[in-house]
Amino acid sequence: MQYLERETEYIPWSTAYNALLHLDRMYSGQEGYSRFETFVRTITGCMYENVRLVGPNDHISRLHRGNTVYLACYSGVQACLGDATTQIQATIENPSFKVPEEAQAAVFCALHKHRLPVEPDYQMTWFENQFSTQDSSELDVELINRYLTSVGCSRNETILEYFLSLTNFNYPGLPITAAMKNQIFVGLANGGPTARMAALRYLNEHFSTVTYLLPNVGPIFTELGNRINVQSERDLLQEIVTKYGHTLAAAAKDAADQALVQAYQNIRWMQKYAPTVTTWLTDAMYEGTTTPKPQGGGAGRTWSTHALVATGLVLIVVNTLA
């Protein structure tokens, strides 16, 4: 995987993308996660200099932006964050401006996860603007759903609480559909540990109202089960199922029970493999820091025998899970 630091073509990156994203999701709750962020930031830097957030619109470049460029912005490559800020600033100056479709996931996630230098609380303002500037028949539902999915990138509890509150009430000025409310929960469940725990706590405290407004909560349980990988999150999920499982429809109850099983398997996977990942990241000298490295990918590293073996182990781990 370290070879990717020197790779710019789409095909090898598309091969690595799902493995990297899976490792990120599984490892994100670990104490050494900032080392993994540095690793992803390092290997995506050079690629980003060749495939920017805004540029050629050929098919391969657009595919690149849909996943690999997303990783660059997600991990905090400075050039990508700068370009994402430019896109968000354009929506502030011109509310009718829309971020290009293939760049939306990267831009919206960067807005939620990183402190982009834009208006305070613009995460909420952008969402509200989508409803205030046009009637409901003209809403770009796909754009809104991509945005709601990206809320899971946030680590700001105030922002998370705001979007969760939208699932519990019907606001006259915000004609949010049941599908959008469901997407908020799925997006948070599919996000980082802060977002996932916020969703679990909110679901536990407001279960009756949320399930009344959302006719099908099965997908929420499924997504939670897929992403939970620490005991504290599974314990809270177990509490929800124990307290409210009898009120669920059969399909939703089955999804909840299966989520508990999957979460347990994820925890066992982490107990078995996380120490190997942590050791490799430490030995390869990826520093645990939240400060993004300069764009360009960082300095090359010496390929010791130990590092090569560890890289093979990482790939074996991913293939074993698959």
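Remark: C-alpha extents of the range 119-265 on the principal axes read 44, 29, 23 Å, sorted largest to smallest. Centroid-to-centroid, using Cα positions, the range 94-159 and the range 209-267 are 27 Å apart.
Which number comes out as Rg/Rh for the range 203-289 once both Rg and the Kirkwood Rh are worked out on C-alpha atoms? Show your work: numbers first, answer last.
Working: Rg = 16.5 Å, Rh = 14.4 Å.
That ratio equals 1.14.
Panel note: the C-alpha atoms of the range 11-71, placed on their principal axes, show extents of 40, 18, 16 Å (largest first). Phi angles of the range 197-205 translate, via the Karplus equation with coefficients 6.51, -1.76, 1.60 and θ = phi - 60°, into HN-Hα couplings of 5, 4, 5, 4, 5, 5, 4, 5, 7 Hz per residue; Gly and Pro are given as x. Site pair Asn50 and Ala90 shows an inter-label distance of 2.4 nm when each label is modelled 7 Å from Cα along Cα→Cβ. Among Leu160, Leu174, Leu20, the largest mean-square fluctuation in a Gaussian network model of the chain, built with springs joining Cα atoms closer than 10 Å, belongs to Leu174. Just checking the listed ones, Ala84, Ala106, Ala251: in the Gaussian network model of the chain with Cα springs under 10 Å, the one fluctuating most is Ala251. Taking the convex hull of the alpha carbon positions in the range 134-181 and averaging its projected area over all directions gives 3.6 nm². Binning the C-alpha pair distances of the range 37-99 at 5 Å intervals from 0 yields a P(r) profile of 4, 20, 26, 23, 17, 8, 3, 0 %, listed from the shortest bin outward. With equal scatterers on the alpha carbons only and no solvent term, can you work out the Debye log10 of I(q)/I(0) for the range 5-153 at 0.09, 0.10, 0.20 1/Å? For the range 5-153, the Cα-only Debye profile gives -0.28, -0.35, -1.27.
Checking every one of the GluC sites (Glu not before Pro) in the range 30-84 against DSSP loop status and a limit of 16 other Cβ atoms within 10 Å picks out Glu31. The C-alpha atoms of the chain occupy a region whose extents along the principal axes are 58, 48, 32 Å, arranged from largest to smallest.
Read-outs: derived from the displayed coordinates by stated rules, not from any lab. For clarity, every value in this text was computed on a predicted model and none was experimentally measured. A quick note on method: Cβ atoms are made from the backbone with ideal geometry, for glycine too, and the neighbour counts reach across all protein chains shown.
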